[in-house]
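Novice: This is the structure I have questions about; it appears just below.
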Amino acid sequence: MLLRTPAWAQSVLQYHSSPGRAGNYVIPGLTPDRARSMHLDRAFDGRVGGHVYAQPLLFNEAGRELLVVATENNVVDALDARTGRLVWQKSLGKAVTSTMLPCGNINPLGITGTPAIDDSRRAIYLDGMVLTQDGPQHLVFGLSLEKGQILPGFPVNVAHALADKGQRFIPSDQNQRGALLIIQNTVYIPYGGHFGDCGHYHGWVVGVSLDQPHRVIAWSTRAEGGGIWAPGGVVSDGHSLFAATGNTFDTPQWGGGEAVIRLGFDLKPPMSTRDYFAASDWRMLDRRDADLGGTAPLPFDLNSSAGAAHLMLALGKDGKAYLLNRDNLGGVGGGLATRQVSSDEIKTAPVVYPAPDGGAFVVFAGGGINCPAAISHPSIAALKLQAHSTPAILTAWCASLDGSGAPIVTTTDGRSDAIVWVVGAEGDDRLHAFRGNTGESLLAEPQVRLQGLRHFATIVATQQDMFVPADGKIYAFTP
């Protein structure tokens, strides 16, 4: 096998490559013309041990590139990112079968949420649902990236740690689907419920100290339900944490559901309407199970003549886009603008990147409406946002896609030559690329059909490859 030139990519330490989940990968040289030659690297091995819902991560150090993959079998595989061959493997305990849980659609259930890497510690952190002598338990692990050894003080049993603080966390009722976040020497883990909304679950954010793992902090929704389940999980703009919640149950007063919540790094509850936004029709969304929390909230800044606008966009299962002022979320019904942007549910993860005129594009997988050109079965759409005194949400372009993977975007310098990449997961199961400013399809030749993709699937881009996770295998594409 011909070995490729060593890559000089930066590490990919968390979901969508940043705490803000922008999904913007800077790949110098990857222009639209070069993207047209993208093809499957059949020499890449890429075998892993189980179903893959989590995004793989990439750790670069002194020419050593590890592609780290967590699976539903509670197995973590570290692959050589150039060849796909196994470097080390760590099993973290028996995964939980669906018969042991009140409901759900993942079987077996092990590691679902995307882990996070702390490069200064050369360690990866994750949550696994593990069958223990006490039954199914959520255990937070820290592993060395050297050989996968479990770090001192780990694993942390979430239910036991919260019980010691007088808080009730029912592990069999809670699921962990959202991505983890590391900031301020703490790993933050979001929790929601299982598919089917059964049991007595809440939306939780749990923080575990990396220095002293026995130190655990937590926040949860007041009302039952309100799960934090979007793939992007917990988000940060560097100053605060943000999470989007889903439907709550049988509550006469708003209790934290159908909302975007701002939390401090200490996870103290929101103190004013500046710290949360909830849809004005939250009761109806509850009844319809049309979670505002279908995606993680997306923070971004736009510049205008009035200065920098600190914004946030939330996209929900109700097909609406909610544009928010990040400095003052506004309470119930307090957003800057709301618009129906999709004819169906939005529930993977969006991406954001600069527009040539100073605005921003946000791209999501969903049935885009009000498309500027006639498109047969639009299923991926770009919104255009600009910083005006009266903010507006416009549909910039739509494209057809058979499937529902989560998009990413590549640019050559952070804003130029934008290309949106997505796989048609659970549809045509092929790789697709669209010009970021217009939606023009760039891959004229049909790509090979991949096997075992999940609709959570999101691509990891490096200087020389794109990695696509699937059950039992990571695929590599190269131009």
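Novice: Summing Lys, Arg as +1 and Asp, Glu as -1, what charge do residues with Cβ under 14 Å from the Cβ of ALA406 carry, ALA406 excluded? Please report the intermediate quantities before stating the final value.
Specialist: Numbers: positive: ARG21, ARG177, LYS347, ARG454; negative: GLU345, GLU426.
Charge balance near ALA406 sits at +2.
Novice: Computed FRET efficiency, Cβ-Cβ of THR97 and ASP357, R0 51 Å: what is it to the nearest 0.05?
Specialist: Working: r = 53 Å, r/R0 = 1.03.
FRET efficiency, THR97 to ASP357: 0.45.
Novice: Just the accessible area per residue of the chain, please: how many Å² with a 1.4 Å probe? Walk me through the numbers before you get to the answer.
Specialist: Values: 17570 Å² over 479 residues.
I get 37 Å² per residue for this part.
Novice: Moving to a separate point now. If I stretch the segment between GLN451 and PHE195 completely, what's the gain in nm (0.36 nm per residue apart, minus their alpha carbon distance), one decimal? Can you show the working numbers first?
Specialist: Numbers: separation 256, 0.36 × 256 = 92.16 nm, distance 2.33 nm.
Here the answer is 89.8 nm.
Novice: Have a look at the DSSP beta bridges in the chain and tell me what percent are antiparallel, nearest 5.
Specialist: Numbers: 112 of 119 bridges.
Percentage antiparallel, nearest 5: 95.
Novice: On to the next question. Between ASP119 and ALA374, what length in nm is gained on full extension when 0.36 nm per residue of separation is reduced by their alpha carbon distance? Write down the numbers at each step before the final one.
Specialist: On the way: separation 255, 0.36 × 255 = 91.80 nm, distance 4.64 nm.
The ASP119-ALA374 span can extend by a further 87.2 nm.
Novice: Residue separation times 0.36 nm, minus the C-alpha to C-alpha distance between SER343 and MET284: what's the value? Could the numbers behind the result be given before it?
Specialist: Numbers: separation 59, 0.36 × 59 = 21.24 nm, distance 1.74 nm.
Stretched fully, the SER343-MET284 segment lengthens by 19.5 nm.
Novice: Local charge sum around GLY307 (other residues, Cβ-Cβ under 13 Å, Lys/Arg +1, Asp/Glu -1)?
Specialist: Details: positive: none; negative: ASP301, ASP327.
Local charge sum for GLY307: -2.
Novice: On to the next question. Can you tally the net charge around ARG121? Count Lys and Arg as +1, Asp and Glu as -1, for every other residue whose Cβ sits under 14 Å from the Cβ of ARG121. Before the final figure, lay out each step's value.
Specialist: On the way: positive: ARG122; negative: GLU61, ASP118, ASP119, GLU146, ASP211.
For residues surrounding ARG121, the net value is -4.
Novice: Still on this model: Using DSSP to call loops (not H, G, I, E or B), can you name the chymotrypsin sites (Phe, Trp or Tyr not before Pro) in segment 1-108 whose Cβ has at most 15 other Cβ atoms within 10 angstrom?
Specialist: On the way: sites: TRP8, TYR15, TYR25, PHE44, TYR53, PHE59, TRP88; in loops: TRP8, PHE44, TYR53.
Taking segment 1-108 and a limit of 15 other Cβ atoms within 10 Å, the loop chymotrypsin sites (Phe, Trp or Tyr not before Pro) found are TRP8.
Novice: Given that just one value was derived from the coordinates, which of (1) 0.94; (2) 1.06; (3) 1.00 is Rg/Rh (Cα atoms, Kirkwood Rh)?
Specialist: Checked against the structure: label (1).
Novice: How do the peptides 136-148, 240-252 rank, highest first, by the average count of neighbouring beta carbon atoms within 10 Å per residue? Present the calculation step by step, with values, prior to reporting the outcome.
Specialist: On the way: 136-148: 20.2, 240-252: 22.2.
So the order, starting with the most tightly packed, is 240-252, 136-148.
Novice: If r is the Cβ-Cβ distance from ARG168 to GLU146 and R0 is 45 Å, what FRET efficiency results, to the nearest 0.05?
Specialist: Numbers: r = 37 Å, r/R0 = 0.83.
Efficiency for this residue pair is about 0.75.
Novice: Another question, then. Going by average Cβ density within 10 Å per residue, which order do the peptides 426-432, 363-369, 93-99, 268-274 take, highest to lowest?
Specialist: Details: 426-432: 19.0, 363-369: 23.9, 93-99: 16.9, 268-274: 13.0.
Listed from highest to lowest mean packing, they are 363-369, 426-432, 93-99, 268-274.
Novice: If packing is taken as the average count of other Cβ atoms within 10 Å, what order do 463-470, 286-293 fall into, highest mean first? Display every interim value, and only then the final one.
Specialist: Details: 463-470: 24.1, 286-293: 20.9.
In descending order of packing, they fall as 463-470, 286-293.
Novice: Here's something else I'd like to know. What is the chain's relative contact order, in percent, from Cα pairs under 8 angstrom and six or more apart in sequence?
Specialist: It comes to 14 percent, rounded to a whole number.
Novice: Work from the charge dipole of the chain (Cβ charges, +1 for Lys and Arg, -1 for Asp and Glu, about the Cα centre) and give the residue of TRP282, MET100, THR114 farthest towards its positive end.
Specialist: So the residue furthest toward the plus end is THR114.
Novice: Could you tell me the convex hull volume per residue, in Å³, taken over the Cα atoms of segment 336-479? Kindly include the intermediate steps, with their values, before the conclusion.
Specialist: Values: hull volume 15.9 nm³, N = 144.
Cα convex hull per residue, to the nearest whole number: 110 Å³.
Novice: Keeping all protein chains in position, work out how much accessible area ILE150 exposes to a 1.4 Å probe, and write it in Å² to the nearest 10.
Specialist: 70 Å²
The values are calculated or read from the model by the stated rules, or taken from the named source; none is laboratory data. Because the structure is predicted, anything quoted here is derived from the model rather than measured. All Cβ positions, even for glycine, are placed from backbone atoms using ideal geometry, and neighbour counts span all protein chains on display. For the accessible areas, the whole protein counts, side chains as well, though only heavy atoms, and no ligand, DNA or RNA atoms are used. Shrake-Rupley method; radii C 1.70, N 1.55, O 1.52, S 1.80 Å.
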